[in-house]
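For reference, the structure is listed below as structure tokens.
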Amino acid sequence: MLDLTGSERAVALYASDMPSGRRRHSSEQIREWIVQGAELLGVEEIRSRAEFRYGHRLLEMSGLVTPQIQQRHEQQFPKAGRLRVAEQQSSNSICGDGMSEEARLRNTAAKVDGDCPCRGTRRIRAVFGEGEDQPAMLCPVHAQAAIRRHHASYRQSADQRDEARHTPRHTGEQR
């Protein structure tokens, strides 16, 4: 179970006999349902569904889900409330049990089930009038590595600015 990512655990829970209602369940019971779901679907199917679920989530957070992608997502997970419960229980499982290093490295794997708005270019263009500049954003699914690098460099420069503000020269302290 520790070798499953958060998305993989959510998919396993969704497929299991876990009740759909929000109730408290013991950690042991959640683990049993995760194992049950993993046995029902198999590791490859869980990973595939988890990647598509996470890709849908990334597009959804950016308001970029196309009707085709939404339809496929709803075919895969027809009970939205059950999926929310499975995601919450999966998060609790990660907090309580952790995950292996291999699972952690795979944790951000995402795919699109259908035609991605970026059309494979890794950029999504804004549509304005003809002849106007067309700004683009990085695709949250296909340009994840570039986005993470950008965020890491931004955090690093923010940390350097914070450090500069707290030097003795800036705080009036004596060295």
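For the range 1-142, what does the accessible surface come to per residue with a 1.4 Å probe? Please give it in Å².
58
For Gln29 and Glu60, compute 0.36 nm times the residue count separating them, minus their Cα-Cα distance, and round to one decimal in nm.
Gain in length upon complete extension: 8.1 nm.
What's the center-to-center distance, using Cα atoms, between the range 51-76 and the range 80-129 in Å?
9
The values are calculated or read from the model by the stated rules, or taken from the named source; none is laboratory data. The shown structure was predicted, so the numbers you read here are calculated from the model rather than taken from an experiment. Please note that ligands, DNA and RNA were not included when accessible areas were found on the heavy atoms of the full protein model with its side chains. Shrake-Rupley method; radii C 1.70, N 1.55, O 1.52, S 1.80 Å.
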